[in-house]
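None of the figures in this text is laboratory data; all of them are computed from the coordinates on show. The model shown is predicted, which means the values in this text are computed figures rather than measured ones. Ideal geometry is used to build each Cβ from the backbone, glycine not excepted, and the neighbour counts take in all protein chains shown.
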Amino acid sequence: MTSVMETRPKTTRAGTRSIHRLARGDRPVEPVIFEKSVPGQRAVDLPPLDVPRADLPPELIGAPVELPEVGQHDVMTHYTHLSQRNFSVDGNFYPLGSCTMKHNPRINEWAAALDGFAQLHPLQDDEQIQGALRLLYETRCFLQEIAGLDEVSLQPAAGAHGEYTGLKVIRAYFKDIGQPQRHIVLVPDSAHGTNPASCTMCACHAVTVKTAHGYTDLDDLRRLVNEHGANTIAAFMITNPNTAGLFDAKICEAADIMHDAGALLYLDGANMNAILGKTRPGEFGADVMHFNTHKTFSTPHGCGGPGAGPIAVGEKLAPYLPAPQVMMAEDGSFYFDRDRPKSIGKVRSFTSQFGVLVRCWAYIAACGPDGLRNVAEKAVLSANYLAARLCNVYEMPYFDPKKGRFCAHEFVTVPNRLLRKGVSLNDIAKRMIDYDIHPPTMHWPLRDCLMVEPTDTESKRTLDHFVDVMLQIAQEIERDPKSLAEAPTDAPIRRADEVAAARNPVLVWEG
Amino acid sequence: MDYTQITPHEQSAMLEAIGAESIEQLFNAIPQQIRFNDTLDLPPAMSELQLKRELAEMAAHNHGPHDMVCFMGGGAYDHFCPVLIDQLAGRGEFLTAYTPYQAEASQGSLQAFFEFQTQVARLTGLDIANASLYEGATAVAEAVLMALQHCGKRRVLVASTLHPDYRAVLRTYLQDLPGDLVELPADGGRIAAQTVRRELDDEAACVVIQSPNVWGLIEDWDGCFGAAHERDGVCAIAVFNPIACALLRKPGECSADIAAGEGQPLGVPLSLGGPYLGLLAARNQFMRKIPGRLIGRTTDTEGRAAYCLTLQTREQHIRGAKATSNICTNQGLLALRATMFMTAMGKHGLREMAQQCYHKAHYLAQQITALDGYALKFDGPFFCEFCITCPKPVTQIIEAAKRRRILAGIAPHGRRMGRIGDENDLLIAVTEQRTKHEMDALVEVLEEFAT
Ligand SMILES: Cc1ncc(COP(=O)(O)O)c(C=O)c1O
């Protein structure tokens, strides 16, 4: 193995980054790993083969795979450099609405990496993995309690996969009770894109329900039930607190409308962080719900995943949950039950996102019941605090504390007054990057909105800093709106040309 | 501890700024009759010290490849993983970021995923790859949905030698959709090109064949996909093992149109089955139909190389009910591990790893079949996994091996494997990590049962 000693200006090793520094936005480009390939370099080696070579028929052999050849030091440097070109919860305020970017406790990482968890083969006998099964069983019980529902399946791999699984369970239930024609799922116009997309994958027809002033329009809901016929409706799929950052107080009425029609209520639990221990989906009429452990229960987002999307259901839907299910036997031992004749079957290989669920268990156990309630309170307090401090400058259609209209764990702002000065929403978002803040969720659920979710784990100091930055940006817009079109000026790159990327897609390196 | 940081004093000041009298007032939208006024029935909060004890205790109640010698495969393999992967993938800048929606704040993960897409495309011999799906079985299901959408037909021909979990997931995914599953019967543990030809008709959308298959056998992709392509518009879907691709003929070399597989062997811990890594690659013609995130290379306003999410009109957040898939959160961190793994092993390292798997598996097969009463179940070529028929029911043999701290393999007649084999069958996987000494120890256990 070779490694060349080189001088190191700051964190950048000479020779590994492009020397083409440009006059503006003075940041070096990180070459792709293939450009760093040097024939013969190896980062790790294997012990010599300790058995005789077997015959390998030439017709089976494929051409070599052109993977890069890089020494160990350069491997470290490459990915270290890449990591330095990323915003993260560890390094930045990351108020990405609906994603609950809270702190990721490191005890959780420690636990998931323990050999006794990380080194278990998925097909081992139950008796060898009693500790893991106990953890899964307890996670199941924790989530049942938090949901106020009867049975949880831990199989789904993420929220959208939970939606899919939940809708399949609903379909299976209706087929089993002789109502297979129920295929319409009512979905608010403010729903997350995964909701209607999951319907399609289950061959359900997603029909849009209007929202008014941030809430489901119950008259429209009733109208649609009548229009399509009560006996065609499978479910109403609602997020509550909803994507406008509001708890929909008419949820029980919506549940009644569904139940009177013989249909079910599906709760998208993406926003559970706002109601932990304050109310439970089971109490407000949900028949099925999914959790996003990577939102509510602090499992890290990992540049896009993994998450986990356990679903909770009421008693009458439990027989249809995916198999296998983790169970406790009478003698206190744990096992996977594969005997579930009415189950929808499998939705993934093996059993679950186990490593993610270890972190989920560790988080719930750390918080305890009072801690979880405090999490919801601090999440809601933080969002209301930011909203209150910013609402005079950034208009908020649904927030009016003087009239007792508070937000839940997040709020949306449609900053029309600033936009009228000649900046775009994108300009505002990109300018936030210059201040080391990750932009909020954009253009959803309203066209020109920012959706801000500070989560429960930020300090008041960080929240105040965010307010200062947002007010500063507003002032910049007042002074010189054009200047924002340049943003970001202090990031690894200036604005990326996304239009060109889509027009002429380059998805692989061909150098 | 709940990790919140706002003090009671700060809370009062914040409430005042809001103009609220109490925290409770902020929850006034939740009607009284649905308030939860109890305490959740959960164990009391634990300190980090208690958590460490409790978790270490639970972990200590598990046995597996960390304290036993592992010959189990069946879709999850005990491969070597360089230490540097844990160090790099554990960096908070990767661990605690999310989907790179904001390109300028996410160039690191975007570039890493672009490199990942390139490596997966090269590994499979195809044109493009996405930035990950959940795991192998859903990747295969998504590949089939893509093929159905592509050609508008409904018959899906699936090898009966595809992993039983993958077939089960396909059944679930196709159950309510216009897609009919037809299982291709095997002949000597493999699918004959003639069988594919026989089952093809005008309604055939795709042919799905896994190699190495559930028995570890190398299928005749060339023959089967060649047969598939004798009919216009039929998609050939290869279900692949990424380590095998470093040595054997790849999907693209065998005329596959789409390749889907489990990326776990590429530096992802076994972790009782998840989180794993769904891999999906395809020919260029599928670019606008492929599910999941795609990263494109572009430039910034100064003309420098830049990366961003692209072709997003395929995706749920733009297209809703008409999206190519519902996937949103994917397996980003595992894709990062895999790209780091492929870089660290490199062109020669990964091929050497595959070669060692091959030679070691063949050594062990030879030693076992030299014992009286043991024989290979099938005589087709295999890669790193093979099935032997034993002189006794394998449950006895597996128990005996356990007492020597050996995980002898998988019983294909068990529920977990969908009861595909006979009670004397044993499926054994060998990775580069197994030593001659360990293999000889397994042979010794088996010898006790020889006739
Ligand atoms: C409201 C809502 N529903 C569903 C989802 C989908 O969850 P996931 O990304 O875990 O699949 C998300 C988040 O991404 C969401 O915000």
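Peptide A:374-381 is shielded by partner chain Cβ atoms: per residue, an average of 5 of them sit within 10 Å of its Cβ. For the stretch B:132-200, trypsin sites (Lys or Arg not before Pro) are listed when DSSP marks them as loop and at most 15 other Cβ atoms sit within 10 Å of their Cβ; the list is B:ARG154. When the square roots of the Cα gyration tensor eigenvalues are ordered a ≥ b ≥ c, the ratio a/c for the stretch B:83-341 is 1.5 or more and a/b exceeds b/c, which makes its shape prolate. Over 31 Å apart: what share of the alpha carbon pairs of the stretch A:110-365 falls there, rounded to a whole percent? Every Cα pair in the stretch A:110-365 considered, those over 31 Å come to 22 percent.
Taking the fewest neighbouring Cβ atoms within 10 Å as the starting point, the ordered list for A:GLU453, A:GLU227 is A:GLU227, A:GLU453.
Using the Cα centre as the reference, give the magnitude of the dipole from point charges on the C-beta atoms of chain A (Lys, Arg: +1; Asp, Glu: -1; all else neutral), rounded to the nearest 20 debye. Using Cβ point charges on Lys, Arg, Asp and Glu, chain A gives about 1300 debye. For the stretch B:83-341, the relative contact order comes to 27 percent (Cα pairs under 8 Å, sequence separation of at least 6).
Its Cα gyration tensor gives the stretch A:396-448 an equivalent ellipsoid; the semi-axes, largest first and in whole Å, are 22, 14, 10. Is the stretch B:319-393 best put as rounded, prolate or oblate by its Cα gyration tensor, with a ≥ b ≥ c the root eigenvalues, rounded for a/c under 1.5, and otherwise prolate when a/b is larger than b/c, oblate when not? Oblate, because a/c is 1.5 or more while a/b does not exceed b/c. Dipole magnitude for chain B: about 880 debye, using +1 per Lys or Arg Cβ and -1 per Asp or Glu Cβ, origin at the Cα centre.
For the stretch A:238-289 and the stretch B:316-393, write down the distance between their C-alpha centroids in whole Å. Answer, in whole Å: 43. Among B:288-296, B:128-136, the peptide with the highest mean count of other Cβ atoms within 10 Å heads the list, and the full ranking is B:128-136, B:288-296. Summary value for chain A: 18 percent relative contact order, contacts being C-alpha pairs under 8 angstrom separated by 6+ residues. Pairs of Cα atoms in the stretch B:1-112 fall into 5 Å distance bins, from 0 up to the last occupied one, in shares of 2, 7, 8, 8, 11, 13, 13, 15, 9, 6, 5, 3, 1 percent.
Cross-link pairs exceeding 31 Å in C-alpha to C-alpha distance, out of A:LYS346/B:LYS289; A:LYS278/A:LYS421; A:LYS460/B:LYS52; A:LYS346/B:LYS52; B:LYS250/B:LYS392, comprise A:LYS278/A:LYS421; A:LYS346/B:LYS52; B:LYS250/B:LYS392. D by Stokes-Einstein for the protein assembly as shown, Kirkwood Rh over Cα pairs, 10 °C, 1.306 mPa s: 56 µm²/s. Each Lys or Arg adds one and each Asp or Glu subtracts one; over the other residues with Cβ under 11 Å from the Cβ of B:VAL394, this totals -3. Think of it as helices only: each DSSP H run of n ≥ 4 in the protein assembly as shown is worth -39500 (n - 2.57), and spread over all residues that comes to -11000 deg cm²/dmol at 222 nm. In angstrom, the C-alpha Rg and Dmax of the stretch B:232-287 are 12.8, 42.
Taking the number of Cβ atoms within 10 Å of each Cβ as an exposure proxy, the fewest-first ranking of A:ASP125, B:ASP300, A:ASP256 is A:ASP256, A:ASP125, B:ASP300. Electrostatic tally near B:THR324: other residues with Cβ closer than 11 Å to its Cβ, Lys and Arg +1, Asp and Glu -1, net +3. What does the C-alpha gyration tensor say about the overall shape of the stretch B:165-234? Classify as rounded when a/c is under 1.5, otherwise prolate if a/b is larger than b/c, or oblate. Verdict is oblate for the stretch B:165-234. Percent of Cα pairs in the stretch A:369-496 per distance bin of 10 Å, from zero to the largest separation: 12, 43, 33, 10, 2, 0.
Packing around the peptides A:327-334, B:355-362, taken as the average count of other Cβ atoms within 10 Å per residue, puts them in this order, highest first: B:355-362, A:327-334. Each Cα pair under 8 Å and six or more residues apart adds its separation to the average, and for chain B the resulting relative contact order is 20 percent. Take each residue of peptide A:436-444, count the partner chain Cβ atoms within 10 Å of its Cβ, and average: the result is 2.
Taking the DSSP beta bridges with both ends in the protein assembly as shown, the antiparallel portion is around 55 percent. The simple spin-label model puts a point 7 Å past each Cα toward its Cβ; for A:ASP150 and A:GLN84 those points are separated by 5.8 nm. Between the stretch A:28-47 and the stretch A:451-511, the alpha-carbon centres lie 32 Å apart.
In terms of packing, defined here as the mean over residues of other Cβ atoms within 10 angstrom, the peptides A:298-310, B:221-233 line up highest first as A:298-310, B:221-233. Inter-chain Cβ neighbour count for A:47-57, averaged per residue, equals 6 (cutoff 10 Å, partner chain atoms only). Size of chain A from its Cα atoms: along the principal axes, largest to smallest, the extents are 75, 73, 45 Å. Stokes-Einstein diffusion for chain B, with the hydrodynamic radius set to the Kirkwood value over Cα pairs and evaluated at 20 °C in a medium of 1.002 mPa s, equals 88 µm²/s.
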